[in-house]
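**Student:** If you scroll down you'll find the structure; I have some questions about it.
The values are calculated or read from the model by the stated rules, or taken from the named source; none is laboratory data. The shown structure was predicted, so the numbers you read here are calculated from the model rather than taken from an experiment. Here the Cβ is made from the backbone with ideal geometry for all residues, glycine too, and neighbour counts use every protein chain on show. Ligands, DNA and RNA are excluded from the accessible area calculation, which covers all protein heavy atoms including side chains. Shrake-Rupley method; radii C 1.70, N 1.55, O 1.52, S 1.80 Å.
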Amino acid sequence: MIATMPININKVQKSRIDNVDFENLQFGKIFADHMFSIDFEQQTWQNPRIEPYDKIQFEPSLLAIHYGQAIFEGMKAYRTPQNEIVTFRPLENLKRLNRSAERMCMPALSEDLFMEALQQLISLDKDWVPSKNGSTLYIRPFMFATDELVGMNISETYRFMIITSPVGAYYAAPVKVKIETEYLRAAKEGGVGYAKTAGNYAASMYPMKLARQQGYDQVIWTDSRENKYLEEFGTMNIFLKINGKLLTPETGDSVLSGITRDSLIQLAKHMGVEVEERKISIEEVIKAIKDNTLEEVFGAGTAAVITPIALIGYQNTQYTLKPLDTNSLAFKLKKALTDIQTGKAEDIFQWMHKLA
Ligand code: COI
């Protein structure tokens with residue numbers, strides 16, 4: 001609790017919730033009634049507040065827009081059968097936010113501040129947490145530099161905010177991916193790939209656009225040194241099942257350390273599946289496709305949950321993968337994970353945190 005710094009709350013006069021079609025939610029297009037904001041000025045966080053979701057005003061010289069000093073997280077709130085509102089491993093998001101902040105020269109947030117902001121915001125907007133299977137309230141915490149100057153400098157002031165959005169599935173269908181060997185997302189040894197910073201996503205847009213023009217949905221990034229090893233999808237971490245083993249690229253300074261990724265590794269091990277976190281070469285994947293030992297490929301992330309891959313493109317060849325059914329490991333892991341998240345299964349790893 002931040003007893004010394006109470007959050008100032010200004011509620012909406014009239015909720016917009018009645019205008020929302022909860023049966024047909026898309027991803028990230030509508031936002032709940034309130035937002036949390038706090039400013040970092042004179043070396044300290046100050047003025048925590050919850051206000052109606054609205055436009056924010058800054059001068060055109062806002063440093064974050066010009067030099068990209070901006071970081072974010074992705075989380076979700078779930079409604080349990082008992083009508084409680086819970087979230088998943090929130091302190092892992094805070095740890096990653098603070099790792100990103102350190103890399104981008106931004107101030108850290110304390111656990112008390114982060115958790116209190118989350119608790120109060122989600123409690124206030126708890127009616128926005130969908131009850132339909134597969135729909136959730138996506139939570140987007142983010143921080144950006146608020147100095148207003150065009151000199152290239154480390155900002156002295158920042159804003160941290162949390163906005164929330166009722167969402168359906170991120171990908172409505174299995175995705176088609178292209179192994180990217182021409183463009184880079186993140187450089188090894190010293191790059192910023194492990195930070196959840198705006199620039200990593202900006203860098204991925206041009207290759208994603210080219211991939212879309214070729215009929216793909218996403219790219220698989222490969223390592224910046226040799227373009228030989230798989231790293232991650234633009235929006236999720238990668239998992240493959242080859243010969244009964246679950247494989248995922250090891251994390252490092254060029255791969256985002258996904259919380260869903262880590263949770264699936266724990267769940268798979270708990271189910272007795274052998275898991276290897278290691279380098280996975282393109283050659284190994286193509287060989288496994290050709291000798292029929294590649295059983296499953298899927299992406300994992302907060303927004304995407306578990307998304308099956310339908311097709312992999314590499315150089316001039318497209319490899320269609322077999323559709324994943326309810327016997328697949330991807331399906332079993334997704335069910336095990338979402339049952340814990342929505343309070344339908346026992347929280348054996350103590351991952352869930354009650355918000356309201
Ligand atoms: C998330 O999974 O929460 C992310 O932040 C990925 C983003 C591309 C939606």
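**Student:** When you go through L91, L118, L97, L137 one by one, which is the residue that is assigned to a helix (DSSP H, G or I) and closer than 23 Å to I9 by Cα?
**Tutor:** Selected residue: L118, the only one of L91, L118, L97, L137 that is assigned to a helix (DSSP H, G or I) and closer than 23 Å to I9 by Cα.
**Student:** Here is a further query. Within the stretch 66-88, can you find the residues that are under 15 Å from the mean Cα position of the chain (by Cα) and assigned to a loop (DSSP other than H, G, I, E, B)?
**Tutor:** Selection gives E73, G74.
Here's the yes/no breakdown for (1) free of Cβ contacts under 8 Å to residues at least 40 places away in the same chain; (2) not charged (D, E, K, R):
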position: R16; (1), (2): yes, no
position: T44; (1), (2): yes, yes
position: H66; (1), (2): no, yes
position: L94; (1), (2): yes, yes
position: R99; (1), (2): no, no
position: E102; (1), (2): yes, no
position: C105; (1), (2): no, yes
position: A108; (1), (2): yes, yes
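**Student:** If you check K245 against the conditions, is it open to solvent by 40 Å² or more (accessible area, probe 1.4 Å) and out of contact with any helix residue (DSSP H, G or I) (no Cβ under 7 Å at 6 or more places or on another chain)?
**Tutor:** yes
**Student:** Sticking with this one: Within the stretch 20-40, work out how many residues are out of contact with any Asp or Glu (no Cβ under 8 Å at 6 or more places or on another chain) and either without any contact (Cβ under 8 Å) to a residue 24 or more places away in the chain or more than 16 Å from the ligand (Cβ to nearest atom) (or both).
**Tutor:** 9
**Student:** Just the residues that are in contact with a Lys or Arg (Cβ under 6 Å, 6 or more places away or on another chain) and farther than 19 Å from N227 by Cβ, please, taken from the stretch 277-301.
**Tutor:** E295, E296, A300, listed by residue number.
**Student:** So A169 passes all but one of these: (1) small (G, A, S); (2) closer than 17 Å to A304 by Cβ; (3) not in a loop (DSSP other than H, G, I, E, B). Which condition number does it fail?
**Tutor:** With (1) small (G, A, S); (2) closer than 17 Å to A304 by Cβ; (3) not in a loop (DSSP other than H, G, I, E, B) applied to A169, the lone miss is (3).
**Student:** Also: Condition first: over 18 Å from I65 (Cβ atoms) and open to solvent by less than 20 Å² (accessible area, probe 1.4 Å). Can you find one or more residues in the stretch 145-160 that meet it? It would help to see each step written out before you state the result.
**Tutor:** From the stretch 145-160, those over 18 Å from I65 (Cβ atoms) are none; that's our starting set.
No, the conditions are met nowhere in the stretch 145-160.
**Student:** Pairs only if they're at least six apart or on different chains, beta carbon under 6 angstrom, first in the stretch 142-161 and assigned by TED's automatic domain parsing to the domain that holds D39, second open to solvent by 50 Å² or more (accessible area, probe 1.4 Å) and in a strand (DSSP E or B); list them, first residue then second.
**Tutor:** Matching pairs, first to second residue: T157/E41.
**Student:** Additional query: Could you please find all residues in the stretch 339-356 being surrounded by fewer than 18 Cβ atoms within 10 Å (Cβ to Cβ) and either of a type in the set (S, T, Y) or under 18 Å from L246 (Cβ atoms) (or both)?
**Tutor:** F349
**Student:** Could you list, in sequence order, the residues of the stretch 100-115 that are in a loop (DSSP other than H, G, I, E, B) and open to solvent by less than 40 Å² (accessible area, probe 1.4 Å)?
**Tutor:** M104, M106, P107, L109
**Student:** Give the residue that is surrounded by the fewest Cβ atoms within 10 Å (Cβ to Cβ), with candidates limited to residues of the stretch 198-224 that are under 18 Å from L256 (Cα atoms) and more than 20 Å from the chain's Cα centre (by Cα).
**Tutor:** Within the stretch 198-224, the match that is surrounded by the fewest Cβ atoms within 10 Å (Cβ to Cβ) is S224.
**Student:** Spot the failing condition for I56; the list is (1) buried (at least 17 other Cβ atoms within 10 Å of the Cβ); (2) aliphatic (A, V, I, L, M); (3) closer than 18 Å to R159 by Cβ, and only one is missed.
**Tutor:** It is condition (1) that I56 fails.
**Student:** Which is of a type outside the set (K, R), in contact (Cβ under 8 Å) with a residue 12 or more places away in the chain and open to solvent by 50 Å² or more (accessible area, probe 1.4 Å), of L137, L184?
**Tutor:** Testing whether each residue is of a type outside the set (K, R), in contact (Cβ under 8 Å) with a residue 12 or more places away in the chain and open to solvent by 50 Å² or more (accessible area, probe 1.4 Å) leaves just L184.
**Student:** Filter the stretch 262-306 down to the residues that are farther than 14 Å from K241 by Cα and within 16 Å of the ligand (Cβ to nearest atom) and list them by number.
**Tutor:** The answer is D262, S263, G301, T302, A303, A304, V305.
**Student:** Further, regarding this structure: Cβ-Cβ distance below 8 Å, separation of 6 or more or different chains: which pairs start in the stretch 226-242 with a residue that is charged (D, E, K, R) and more than 10 Å from the ligand (Cβ to nearest atom) and end on one that is open to solvent by 40 Å² or more (accessible area, probe 1.4 Å) and assigned to a strand (DSSP E or B)?
**Tutor:** Note: pairs meeting the criteria are K241/E295.
**Student:** One residue is enough: does the stretch 195-208 have a residue meeting the conditions closer than 21 Å to L321 by Cα, in the same structural domain as I286 (by TED's automatic domain parsing) and assigned to a strand (DSSP E or B)?
**Tutor:** No, because not a single residue in the stretch 195-208 is closer than 21 Å to L321 by Cα, in the same structural domain as I286 (by TED's automatic domain parsing) and assigned to a strand (DSSP E or B).
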